[in-house]
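The values are calculated or read from the model by the stated rules, or taken from the named source; none is laboratory data. What you see is a predicted model, and the numbers here were worked out from it, not measured in a lab. Reconstructed Cβ throughout: ideal geometry from the backbone, glycine too, with neighbour counts over all protein chains shown. The protein model used for the area step is the full one, side chains on, heavy atoms only, and it has no ligands, DNA or RNA in it. Shrake-Rupley method; radii C 1.70, N 1.55, O 1.52, S 1.80 Å.
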Amino acid sequence: MATSHKIRRPDELTLEVVDLIGAVVARYHEEYEEAAAEHALTGAQARLLSLLSLEPLPMRKLAQRLRCEPSNVTGIVDRLEARGLVERRPDPADRRVKLAAVTEEGRTVARGLRESLRFAREPLAGLSEGERLALRDLLRRMLGAPQEGPQGGMPEEGMPEEGPQRGVPQ
């Protein structure tokens with residue numbers, strides 16, 4: 001006997017919140033791509049540079065964080081290395097593994113990229129500290145992240161680790 005499953009339609013408030021989150025994400029990505037272009041970077045290159053400004057990472061881990069194929073990461077690192085923004089170095093824990101690491105010039109570019117992101121910074125500045133804390137905690141709860149401590153998974157620069165990266169042109 002088949003059971004019928006009623007699919008409950010989201011209420012209007014939930015639909016409005018989903019639409020607003022979508023609008024915020026779209027505006028953030030638009031400004032992020034523009035900021036990357038101002039530094040002669042693609043969005044994928046900027047995201048990789050942002051991740052590496054936090055710590056050197058093996059190529060495989062970069063691919064996981066960017067949600068793309070390792071061969072795509074190799075190409076991105078090649079282009080950033082040619083510009084002197086990243087370098088490859090042996091992993092001290094396992095010399096068979098190569099780490100991608102940001103150079104001083106790369107760190108400077110990553111900082112400039114972060115500072116040029118006005119969309120995320122300006123509206124948040126209009127909120128009180130309590131409102132920003134509440135927003136942060138609600139977003140963490142939605143993502144299933146810890147409520148206290150470091151920003152589980154978000155790079156310091158505020159560059160998301162997400163996004164449909166597969167096949168992203170570099």
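Taken together, Glu105, Glu69 contain a single residue that is surrounded by 11 or more Cβ atoms within 10 Å (Cβ to Cβ) and either among the β-branched types (Val, Ile, Thr) or at pLDDT 95 or above (or both), which is Glu105. The set of residues from the stretch 21-57 being open to solvent by less than 100 Å² (accessible area, probe 1.4 Å) and either farther than 29 Å from Ala101 by Cα or in contact with a Ser or Thr (Cβ under 7 Å, 6 or more places away or on another chain) (or both) comprises Ile21, Gly22, Ala23, Val24, Ala26, Ala35, Ala36. Among the residues of this structure, Thr74 counts as one that is of a type in the set (S, T, N, Q), open to solvent by less than 90 Å² (accessible area, probe 1.4 Å) and more than 16 Å from the chain's Cα centre (by Cα). If you go through the stretch 17-33 and keep only what is within 19 Å of Leu135 (Cα to Cα) and not aromatic (Phe, Trp, Tyr), you end up with Val17, Val18, Asp19, Leu20, Ile21, Gly22, Ala23, Val24, Val25, Ala26, Arg27.
Report, by residue number, each residue of the stretch 92-102 that is free of Cβ contacts under 8 Å to residues at least 40 places away in the same chain and either open to solvent by less than 30 Å² (accessible area, probe 1.4 Å) or hydrophobic (A, V, I, L, M, F, W, C) (or both). If the condition is that a residue be free of Cβ contacts under 8 Å to residues at least 40 places away in the same chain and either open to solvent by less than 30 Å² (accessible area, probe 1.4 Å) or hydrophobic (A, V, I, L, M, F, W, C) (or both), then Ala93, Val97 are the ones that fit. The requirement of being over 27 Å from Val25 (Cα atoms) and either modelled with pLDDT under 95 or part of a helix (DSSP H, G or I) (or both) is not satisfied by Arg111.
Considering the stretch 81-91, the residues that are in a strand (DSSP E or B) and not charged (D, E, K, R) include one that is most open to solvent (accessible area, probe 1.4 Å), namely Pro90.
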